[in-house]
Each structure stands twice: as C-alpha cells, then as structure tokens.
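One structure is given below, encoded as structure tokens.
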Amino acid sequence: MKKNKDTQRQKIRFRIRKSVQGTTERPRLSVFKSNTSIYCQLIDDSKGSTLCAASSQDKSLGKGKKSELAKKVGTLIASKAKNMNIESVVFDRGGFLYHGRIKALAEGAREGGLQF
C-alpha cells in the first residue's frame, strides 16, 4: 500500500502526541497549517478543552506573506496566553517539520513571551 503525505504526517503526529501532554499550568500549543492559513490552539489535555485559539484568518492581522502572518499569529496567541496568566507551554508541531511557517509561529510566540 502506497503511503501519501497525509498518512505519513498522521503517523508522525501520533508519535509526537505520545510524549507531549498539556496540563492546566502548561497547556499544549497545537499548530496546524493548510496551504493558505495557519492555526494554533492552547489545549488543556487533562480537561480536554481548548483555552484559546488564533489563526491567520483573523482580520486584525491584515495581509502579508504566509511566514509573516505566521509570526503575527504566534505573537497573537502569546498575548492571549498572557491575558490568561499562562507563561509556558508545550509545543506540538502537529507532524509538520519545524521549518518555515511552523518555525515563524514558534519564534513569534517566543517573542510574545511564551516559554517552551
């Protein structure tokens, strides 16, 4: 059976999720990217709930290159986390390579004050 890109990413994603768990004190920063947008959420796995979310679909971010928008999304999620008194998170890259837009989002979140 031939494996396509999505099934490969799902296998990597499941392998990552075995070790990455979000708690109330240190939630999981989950990232998903599509061809046009990038999305991230702060998730508390012990309760099974999403604390806050941000995406490049937000009108307040304006327009720009995909990597620039990803960095803005990172700073946006960091500011939302600061409002909820969250200092540190666990980064879940969702099976994507830590490169390009994923890296830009992580750097934006770090610049916004999140630690991971």
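Lys5: surrounded by fewer than 12 Cβ atoms within 10 Å (Cβ to Cβ) and over 20 Å from Leu105 (Cα atoms), yes or no?
Criteria met by Lys5.
Out of all the residues in segment 11-36, which are surrounded by 14 or more Cβ atoms within 10 Å (Cβ to Cβ) and farther than 26 Å from Glu87 by Cα?
Ile12
Scan segment 60-116 residue by residue and report those that are within 27 Å of Gln10 (Cβ to Cβ), exposed (fewer than 15 other Cβ atoms within 10 Å of the Cβ) and touching a Leu at 6+ places or on another chain (Cβ under 8 Å).
Phe116 - this is the single residue of segment 60-116 that is within 27 Å of Gln10 (Cβ to Cβ), exposed (fewer than 15 other Cβ atoms within 10 Å of the Cβ) and touching a Leu at 6+ places or on another chain (Cβ under 8 Å).
Only one of Gly22, Gly108, Gly64 is assigned to a helix (DSSP H, G or I) and either at pLDDT 95 or above or over 22 Å from Lys5 (Cα atoms) (or both); which?
Gly108
Among (1) modelled with pLDDT under 95; (2) within 25 Å of Glu111 (Cα to Cα), which single condition is Ile38 missing?
(1)
Considering only residues that are within 15 Å of the chain's Cα centre (by Cα) and in a loop (DSSP other than H, G, I, E, B), look in segment 25-45 and name the one that is farthest from Glu68 (Cα to Cα).
Only one residue tops the list, namely Asp45.
The values are calculated or read from the model by the stated rules, or taken from the named source; none is laboratory data. Quick caveat: nothing in here was measured; it's all calculated off a predicted structure. So basically every Cβ, Gly included, is an ideal-geometry build from the backbone, and we count neighbours across all protein chains shown.
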